[in-house]
Amino acid sequence: MANIGALHHCRATAPTELKRQIGLRTATALIVGEVIAVGIFLTPAGMAKSLGSPLWLLIVWLLMGGMALCGALCYGELAARFPEAGGGYVYLREGFGRPIAFLYGWMALLVMDPGLTAALAVGLASYVGYILNLSPTGLKAVAIGAILLVALVNIRGVKLGGALIRWLTVLKLGLLAFLIVWGFGLQAGQWSNFSPLVTQRPGSEALLGALAGGIVGAFFSFGGWWDLSKLAGEVRDPQHTLPRALIYGVTILTVVYIVTSATFIYLVPLEQVTSGETFAAQAGEVLFGRLGGQVLSGIVIVAVLGSLAAVVMSAPRVYFAMARDGLFIPGAAAIHPRYGTPARAIIIQAVLASLLVLVGTFNTIISYFIFVVVIFIALTVAALFVLRRKNPEGIVYRTPGYPATPIVFLLLIAVLLFLLGGHNPKQAIMGVSVVALGLPVYYLLFRKSAGASTPS
């Protein structure tokens, strides 16, 4: 009887809501930490080479930074309206209903989140392997080990996971600042590399084509700033903290991309660039001699580990929110009685990502769903118009410049979708079709349980 009573007491005192313990610094670090990964060393090369003009490269970064800021301002209001776990899933549910929200969660759970987690882990392992000369089996072991380690940290508590991300972000920005100061301070490059500033260099792509490629590359370099909203249920004073963190995070990202790109151009003439890998390697050799490749590999490992930690922290909150709505297995809605985290949802993501590492086909899978991801981001921002109509009053934070802000963002998204769809229509159609298969799953398995779990 005593044991039964103790068990009953344990169940009675188990937390039913996630605890709000993420402050402004950690929230901002989550955005910067997730977004800045290996792409910062690879993307500027392709953009600079195709554009052939430092000024046009700057314009593309500013344009896409402005686009990300418009989106962040819209997400800020959405997060202030619904400061709960789940992010885009919640906003789509409130704006367009459960079927659309389920499709978003269906895609995130089965494809994008574990696929992105696997891709980051394998990318990290490849740079570890470069330093340690690991075998293919060793690379997979490092990748899975990184996933499981970061998942364990996040299971043990939001404070511990947040501290890891915060310190990795500080270290990441510090290392990038060191590269920038070291490069310019030693006068290791040539200012003549910026000339001509405006005119495209010989061998560059036609300007319109180069701008199209640059816009796509820059958009995905900013990709992930929206994931902070998935943790809205654990942010302190969310109506004020979330909008500020989104604005600060996107602003920091824009400055970092511009300054880092300028440093690379200063160190390596665009005429010598053949690929992102060689661009980074050449810059490393200029700064650190023959050890440049290993030094840059170490910096990339820190950058990718920070991104991996942020993705593993934010993504499971979508499955947690879905389970609470009756749209996923109920166990995923459980909160760990000791650590106060959605431990089972975190485990689900880690297991799926580890399986993808073993199978090794995640990059191809992800490429088929990029188009759909952009559609869902557009729908999420469009939900702001619907929600404003439903409840025009009673919000602490309102999107500055509304309705121009979301309209500008959606217009740029439309351009991006046109470029993505036109570049590879087969991938776009395949991705949309696979996601649409989630509709019969919703109506056959989850419609009744969703209706019973939460009011319509």
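The values are calculated or read from the model by the stated rules, or taken from the named source; none is laboratory data. Predicted model, so just to flag it, every value in this text is computed and none were measured. With ideal geometry, Cβ positions are generated from the backbone for all residues, glycine too; neighbour counts draw on all protein chains shown. We work out accessible area using only protein heavy atoms, side chains counted, and drop any ligands, DNA or RNA first. Shrake-Rupley method; radii C 1.70, N 1.55, O 1.52, S 1.80 Å.
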Check your understanding: When residues of the stretch 163-186 are filtered for being farther than 14 Å from VAL304 by Cβ, open to solvent by less than 60 Å² (accessible area, probe 1.4 Å) and either in contact with a Lys or Arg (Cβ under 9 Å, 6 or more places away or on another chain) or among the β-branched types (Val, Ile, Thr) (or both), how many remain?
Key -> 1
Exercise for review: Output the residues belonging to the stretch 430-456 that are among the polar types (S, T, N, Q) and either modelled with pLDDT of 90 or more or outside any helix (DSSP H, G or I) (or both).
Suggested key: SER433, THR454, SER456
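The rows are residues; the columns are (1) assigned to a loop (DSSP other than H, G, I, E, B); (2) at pLDDT below 95; (3) over 16 Å from the mean Cα position of the chain (by Cα).
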site: LYS19; (1), (2), (3): yes, yes, yes
site: THR28; (1), (2), (3): no, no, no
site: GLY46; (1), (2), (3): no, yes, yes
site: LYS49; (1), (2), (3): no, yes, yes
site: GLY71; (1), (2), (3): no, no, no
site: VAL90; (1), (2), (3): no, no, yes
Practice item. Any chance you could count how many residues in the stretch 281-319 are open to solvent by less than 10 Å² (accessible area, probe 1.4 Å) and in a helix (DSSP H, G or I)? Key: 20
Practice item. Look at VAL158 and say whether it is open to solvent by 60 Å² or more (accessible area, probe 1.4 Å) and of a type in the set (Val, Ile, Thr). Key: no
Review point. Taking only pairs six or more apart or across chains, which ones have beta-carbon atoms under 6 Å, a first residue in the stretch 233-252 that is outside any helix (DSSP H, G or I), and a second residue that is crowded, with 18+ Cβ neighbours inside 10 Å and not basic (Lys, Arg)?
Key: VAL235/ILE22; VAL235/ALA27; VAL235/THR241; VAL235/LEU242
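Okay, residues lined up against (1) under 21 Å from the mean Cα position of the chain (by Cα); (2) surrounded by fewer than 24 Cβ atoms within 10 Å (Cβ to Cβ):
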{"site": "MET322", "(1), (2)": "yes, no"}
{"site": "ASP325", "(1), (2)": "no, yes"}
{"site": "GLY331", "(1), (2)": "no, yes"}
{"site": "HIS336", "(1), (2)": "no, yes"}
{"site": "THR341", "(1), (2)": "yes, no"}
{"site": "SER354", "(1), (2)": "yes, yes"}
{"site": "LEU358", "(1), (2)": "no, yes"}
Practice item. Hey, could you check the stretch 25-44 for residues that are out of contact with any Leu (no Cβ under 9 Å at 6 or more places or on another chain) and of a type outside the set (Val, Ile, Thr) and say which is surrounded by the fewest Cβ atoms within 10 Å (Cβ to Cβ)? Key: ARG25
**Study point:** Members of the stretch 399-412 that are surrounded by 13 or more Cβ atoms within 10 Å (Cβ to Cβ), over 19 Å from ALA79 (Cβ atoms) and within 22 Å of the chain's Cα centre (by Cα)
**Key:** VAL408, LEU412
Point to revise | Number of the condition not met by GLU17 [criteria: (1) crowded, with 21+ Cβ neighbours inside 10 Å; (2) farther than 30 Å from GLY209 by Cα; (3) not hydroxyl-bearing (Ser, Thr, Tyr)] | key: (1)
Point to revise | Looking only at the stretch 200-232, and only at residues there that are assigned to a helix (DSSP H, G or I) and aromatic (Phe, Trp, Tyr), the one that is surrounded by the fewest Cβ atoms within 10 Å (Cβ to Cβ) | key: PHE220
Review point. Pairs under 6 Å by beta carbon, first residue farther than 17 Å from LEU308 by Cβ in the stretch 119-142, partner surrounded by fewer than 18 Cβ atoms within 10 Å (Cβ to Cβ) and modelled with pLDDT under 90, six or more apart or different chains?
Key: ILE131/GLN294
**Study point:** Candidate set from the stretch 134-154 (those that are under 20 Å from the mean Cα position of the chain (by Cα) and of a type in the set (Val, Ile, Thr)); member that is surrounded by the most Cβ atoms within 10 Å (Cβ to Cβ)
**Key:** ILE147
Point to revise | Sole residue being surrounded by 24 or more Cβ atoms within 10 Å (Cβ to Cβ), touching a Lys or Arg at 6+ places or on another chain (Cβ under 9 Å) and within 17 Å of ALA378 (Cβ to Cβ), chosen from ALA85, ALA72, ALA68, ALA101 | key: ALA101
Practice item. Out of THR260, THR251, report the one residue that is touching a helix residue (DSSP H, G or I) at 6+ places or on another chain (Cβ under 8 Å) and either of a type in the set (Phe, Trp, Tyr) or open to solvent by less than 40 Å² (accessible area, probe 1.4 Å) (or both). Key: THR260
Practice item. Check the stretch 259-276 and report whether any residue there is more than 24 Å from LYS49 (Cβ to Cβ), at pLDDT 90 or above and part of a helix (DSSP H, G or I). Key: no
Review point. Can you find even one residue in the stretch 187-199 that is open to solvent by 20 Å² or more (accessible area, probe 1.4 Å) and under 30 Å from ARG20 (Cα atoms)?
Key: no
